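K.L.:
Here it is, the structure, as structure tokens.
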Amino acid sequence: MMSQPSPSPSPSPSPSVILATASYDHTIRFWDAKSGRCYRTIQYPDSQVNRLEITPDKQFLAAAGNPHIRLFDVNSNSPQPVISYDSHTSNVMAVGFQCDGNWMYSGSEDGTVRIWDLRSGTCQREYESRAAVNTVVLHPNQKELISGDQNGNIRVWDLAANSCSCELVPEVDTAVRSLTVMWDGSMVVAANNRGTCYVWRLKKGTQTMTYFEPLHKLQAHDTYILKCLLSPEYCDPQRYLATASADHTVKIWNVDGFKLERTLIASSDTTARLWTMNTGEAIRVYQGHHKGTVCCALHDGTDNTAS
């Protein structure tokens, strides 16, 4: 029987920066971000890991697999998860946390978006997307989830009303691969299988997320985008959009006019890399996996600011 997350004191204080990676070699590795040293390896034999996410308080790491989500104690040396979330029936492609860590959300290729009780491991709510869900993000207001699926649908799930409050399809039958929302809720970006990013301004009002005002269409890459991400609050006043693609590049766009600022060369190899924005140089390479690195999670902010 797996134990549940406990509020009891951790065996050691959390590092100020938490960096974790997962690979097709069925391991999750924790790294010292500054030195590049791997200080902990967790075996994950049951499936590949599709996504990693760190809780806002830096205490736990969620690993989304097929079809489960497992939660590991960041400060423990135990190879066992503290709890497993098992209601999905296919690959879990998205996972994240409410800002205070009160609950977790997920999206799966089984076509559902779910909300979980962190302590009991039970599914509290389930929303049907009617197509494989590739990406889910939580609006900064903590009241709406936005999902993107394989059929090209974007849906806003109003948690107070417990229903879908908005639906739009930027390109019919073109999978939405990744969604990202600006930290202040002013903008949302959807990246798709054709390398295109659709950008909307989110109108103010009582139903902020139900009104998407088209702002820009960016042909960021020539092939499908794996991930898009808007810069966090502490980057202001500069605001950036990062896009990672199967074309082996990561591109950094200035949101003011969507001008290309930097192109970083990446690949589906066994490493993770840290770049400096000033020069585009890789200043740290994290080596240790034996097969392709699939995903990473970084928490380098205060307890309630993950990036």
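K.L.:
Specify the residue that is nearest to the chain's Cα centre (by Cα); the eligible residues are those in region 16-35 that are assigned to a strand (DSSP E or B) and hydroxyl-bearing (S, T, Y).
P.N.:
Taking region 16-35 first, the residues assigned to a strand (DSSP E or B) are 18-23, 27-31.
After this cut, where a residue has to be hydroxyl-bearing (S, T, Y) as well, the list is 21, 23, 27.
On the way: T21: 13, S23: 16, T27: 19 Å.
Filtering region 16-35 for residues that are assigned to a strand (DSSP E or B) and hydroxyl-bearing (S, T, Y), the one nearest to the chain's Cα centre (by Cα) comes out as T21.
K.L.:
Report yes if T223 is exposed (fewer than 14 other Cβ atoms within 10 Å of the Cβ), assigned to a strand (DSSP E or B) and over 19 Å from the mean Cα position of the chain (by Cα), otherwise no. Step through it out loud before you land on a result.
P.N.:
Details: exposed (fewer than 14 other Cβ atoms within 10 Å of the Cβ): yes; assigned to a strand (DSSP E or B): no; over 19 Å from the mean Cα position of the chain (by Cα): yes.
In short, no.
K.L.:
Among the candidates V250, V294, which residue alone is touching a residue at least 40 places away in the same chain (Cβ under 8 Å), assigned to a strand (DSSP E or B) and either under 20 Å from R51 (Cβ atoms) or among the β-branched types (V, I, T) (or both)? Break it down into steps so the answer makes sense when it comes.
P.N.:
On the way: V250 fails: touching a residue at least 40 places away in the same chain (Cβ under 8 Å).
Testing whether each residue is touching a residue at least 40 places away in the same chain (Cβ under 8 Å), assigned to a strand (DSSP E or B) and either under 20 Å from R51 (Cβ atoms) or among the β-branched types (V, I, T) (or both) leaves just V294.
K.L.:
Using the structure shown, decide if Q150 is open to solvent by 50 Å² or more (accessible area, probe 1.4 Å), modelled with pLDDT of 95 or more and either among the aromatic types (F, W, Y) or on the phi < 0 side of the Ramachandran plot (or both).
P.N.:
Values: open to solvent by 50 Å² or more (accessible area, probe 1.4 Å): yes; modelled with pLDDT of 95 or more: yes; either among the aromatic types (F, W, Y) or on the phi < 0 side of the Ramachandran plot (or both): yes.
Here the answer is yes, as Q150 does meet what is asked.
K.L.:
All but one of (1) surrounded by fewer than 16 Cβ atoms within 10 Å (Cβ to Cβ); (2) closer than 18 Å to G195 by Cα; (3) under 19 Å from the mean Cα position of the chain (by Cα) hold for E171, so report the exception by its number.
P.N.:
Result: E171 passes all but (3).
K.L.:
Residue check: is A272 touching a residue at least 40 places away in the same chain (Cβ under 8 Å) and closer than 26 Å to V181 by Cβ? Even if it seems obvious, please write down each step before you answer.
P.N.:
Numbers: touching a residue at least 40 places away in the same chain (Cβ under 8 Å): yes; closer than 26 Å to V181 by Cβ: yes.
The answer is yes for A272.
K.L.:
How many residues are of a type in the set (F, W, Y) and either in a loop (DSSP other than H, G, I, E, B) or crowded, with 21+ Cβ neighbours inside 10 Å (or both) when one looks only at region 36-56?
P.N.:
To start, the set of residues in region 36-56 that are of a type in the set (F, W, Y) comprises 39, 44.
In the following step, the residues that additionally are either in a loop (DSSP other than H, G, I, E, B) or crowded, with 21+ Cβ neighbours inside 10 Å (or both) were identified as 44.
Counting residues in region 36-56 that are of a type in the set (F, W, Y) and either in a loop (DSSP other than H, G, I, E, B) or crowded, with 21+ Cβ neighbours inside 10 Å (or both) gives 1.
K.L.:
Identify all residues within region 267-291 that are open to solvent by 60 Å² or more (accessible area, probe 1.4 Å) and either in contact with a Ser or Thr (Cβ under 7 Å, 6 or more places away or on another chain) or assigned to a loop (DSSP other than H, G, I, E, B) (or both); write none if there are none. Spell out the reasoning first.
P.N.:
As a first pass, look at region 267-291 and keep what is open to solvent by 60 Å² or more (accessible area, probe 1.4 Å): 267-268, 273-275, 277-279, 281, 283-284, 287, 290-291.
Of everything in region 267-291, those that are open to solvent by 60 Å² or more (accessible area, probe 1.4 Å) and either in contact with a Ser or Thr (Cβ under 7 Å, 6 or more places away or on another chain) or assigned to a loop (DSSP other than H, G, I, E, B) (or both) turn out to be S267, S268, M277, N278, T279, E281, I283, Q287, H290, K291.
K.L.:
Evaluate the following for L61: is it modelled with pLDDT of 95 or more and closer than 17 Å to R119 by Cβ?
P.N.:
yes
K.L.:
With (1) in contact (Cβ under 8 Å) with a residue 24 or more places away in the chain; (2) within 24 Å of S108 (Cα to Cα); (3) surrounded by 18 or more Cβ atoms within 10 Å (Cβ to Cβ) as the list, and C166 as the residue in question, which single condition is left unmet?
P.N.:
Failed condition: (3).
K.L.:
If you go through region 149-156 one residue at a time, do you hit one that is among the polar types (S, T, N, Q) and in a strand (DSSP E or B)?
P.N.:
Looking through region 149-156, none of the residues is among the polar types (S, T, N, Q) and in a strand (DSSP E or B).
K.L.:
Among the residues of region 100-142, count how many are basic (K, R), assigned to a strand (DSSP E or B) and over 14 Å from H68 (Cα atoms). Working first, answer last.
P.N.:
Keep residues of region 100-142 that are basic (K, R), which gives 114, 119, 125, 130.
Now restrict to residues that are assigned to a strand (DSSP E or B): 114, 125.
In the following step, the residues that additionally are over 14 Å from H68 (Cα atoms) were identified as 125.
Count: 1.
The values are calculated or read from the model by the stated rules, or taken from the named source; none is laboratory data. On a predicted model such as this, the values are computed, not experimentally measured, just so you know. Here the Cβ is made from the backbone with ideal geometry for all residues, glycine too, and neighbour counts use every protein chain on show. Surface areas here come from the heavy atoms of the whole protein model, side chains and all, with no ligands, DNA or RNA. Shrake-Rupley method; radii C 1.70, N 1.55, O 1.52, S 1.80 Å.
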